[in-house]
Each structure stands twice: as structure tokens, then as C-alpha cells.
1. Using the alpha-carbon atoms, what tilt in degrees (0 to 90, nearest 10) does helix 131-146 show relative to the longest principal axis of the chain?
2. In deg cm²/dmol, rounded to 500, what helix-only [θ] at 222 nm does the chain give when every DSSP H run of at least 4 residues adds -39500 (n - 2.57) and the total is split over its residues?
3. Between 0 and 90 degrees, rounded to the nearest ten: what's the tilt of helix 227-238 against the longest Cα principal axis of the chain?
4. State the three equivalent ellipsoid semi-axes of region 41-130, derived from the C-alpha gyration tensor as the square roots of 5 times its eigenvalues, in descending order and whole Å.
5. How far is helix 197-209 tilted off the main Cα axis of the chain, in degrees rounded to 10, range 0 to 90?
6. Over the chain, with a single point scatterer placed on each C-alpha, what log10 of the ratio I(q)/I(0) does the Debye formula yield at q = 0.08, 0.09, 0.11, 0.14 1/Å?
7. Using the Cβ atoms and a cut-off under 13 Å, what net charge is assigned to the surroundings of Cys264, where Lys and Arg are +1 and Asp and Glu are -1?
8. What residue among Met104, Met225, Met184 shows peak mean-square fluctuation when the chain is described by a Gaussian network model with Cα springs under 10 Å?
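Nothing in this text is a laboratory measurement; each read-out follows from the coordinates by a stated rule. Quantities reported herein were computed from a predicted structural model and do not represent experimental measurements. Positions of Cβ are generated from backbone atoms using ideal geometry, with glycine treated the same way; all protein chains shown enter the neighbour counts.
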Amino acid sequence: MQPQRILVTGASGLLGSAVAACLQRSAAILPLAHAHPAPGLTPLDLADPREAARLEREPWDALVHCAAYRSPEFCEDHKEAAWRLNAETPEFLARLACRRGARMVHISTDYVFPGTHPPYREGDACEPVNDYGRTKLAGEQGVSRAYPAAVILRIGALYGRLAGAARSPMLEEAVQAVREAREMESDDCVRRYPLFVEDVAKVVRFLLFENAFSGVLHAGASQGMTRYGWMQRVAAVLGVKAAHIKPSVRSLYRSPRPVDAGLCTDRLRELGGPVPRNCDEVLPDVLAERRMQTNQNGA
């Protein structure tokens, strides 16, 4: 039976807003938000047990859990808050979904891996190198205990379109750095795989409406690059020279990162799911649309 009413957490964020927009074509959406409440979103603090308990009274038959603290530095500096939202909340939601037999997709991360032997398959050993990865791995384990029928969807670094509170930091920071022409260093050590957020939303829709898979699944792009490489790619698409951005051979991050946690998507492909595209296929259109939007807004 296909979902009729889908609960989406973190619906004001980059991923949650894309998921809600994708799914609303097929079902009624109950979008939750806390950090950036906005019209049309239901305000709710998932880390507060009294507020989260309200979800037991809501009519929903599927759940996509996108809400999380994603900054490794934030998770290092705010360990208790990160543990509550990233580790404890997923298990609580999984118990709710299990009790009502609701389909659940829990969003996790490539940062559960150490980054030493990519590409990583779903069954490879998880050895996170920072607090963010450790909290997300604990969240995965909690979901698996509470609701084995749930899907744990691991993804990588996200970028998206220009849109209000759900702006794409990965893209916007690169555009700003390229255009400011101020000499700077950019990390050329940690390799990520830029992932278009709307491609992830399509994978979520596939898992809710087209496939009954349960367990761990990877959704990632296959085109990897460092932060420096990403900025150079953005500059090339914009037709701007970026010689002022220098590659750094030492990590510029305060919190440790896995050097290369690329994800293998063979399982998703075998299921017949929509494998995310590489940034060379997507970035030109996204930046062209961004240019049109900023011109219309006079920015």
C-alpha cells in the first residue's frame, strides 16, 4: 500500500525541502521544522521529548527523517545536543514508525566511514573519525534495533538550488569565493562527491513508492573532488578565473574528516533506482538558474 500522508523532518533545510517538494506530487506532506520555521511548516523540536510526543497523535503512514546536525565542528562543540538529535531521535522515530507499520527512510552519511578504502559498500566496516560520524552511526544502529524494516540511506556532500532558508552552503560559498577574487587557501586534501539534492529526493521517492527494500542503502555520485577542486569547477562553469584560490596540502578543517568516503551505488542500481548524477551533468543548469534568480531579485 502506497503512503498517503508522509512526515518529513527537517523540512526547512536543503534536503528536507527538496524531499517535501518531490513527494508532495504523490501524497500529502506533514513538513516539520525547528531551526528555520516558515509558513506551511509545522514547528516542532524533535530533541524535546514533550514536543516529539505530539507525533504519536498525528496521522501519518510514512516518515522521512532528514533533520540532523551536520557540521562536524558543531557536533564537536555541542556533544550533548548532537547526540540527542543525531543519535537518540532516530531511534525514537523508528519506534513510532514501527508501532504503526509506517514506511521509514532515515538519512545518514558517508562520514560513518574512515575514508581510507573507498568506494564503500553497505556492508563495509564503519569507523567514523569525528563526533558527527559517531552520532550518525549511533542513529543508524538505533533505527536498526527499533525497526529493521526501515531504510537507512547514506549520502554524501549536498548542493542544490538557490531557495530561501534552504540555500546551498556548498554552492553559495564557492560562488562567493570565486567572485570575490580575494586570495585564499582551499582544502585540497579531503575528497567529497558533490551530490545534487534533488537526485537524493528522487531516491527517497523510489524507496517510498516503487520498492519495498529495507536495510542500508547508498546514494552517491561517482565524481569526486576536493573543496579546492569544487571551487575550480564552479569557476569554470561560471567562466571566471580563480587563480586567487590556492590549494592547501594540509587540512583546513578544525574537526577531522575522512579523506575519501566515496560510496558504491551498485545496490541502488541493481534495485532499479535512480542513481544520482555527477556534478558535471547538473552544475551548469543549476548555476544558470541561480544567475537568472539573482538577476530577477536584483542581487
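1. Once rounded, one gets 30 degrees.
2. -11000 deg cm²/dmol
3. Tilt relative to the chain: about 70 degrees.
4. They are 27, 18, 10 Å, listed from largest to smallest.
5. With rounding to tens, the tilt is 20 degrees.
6. Normalising to I(0) and taking log10 leaves -0.34, -0.43, -0.65, -1.07.
7. In short, -2.
8. Met184
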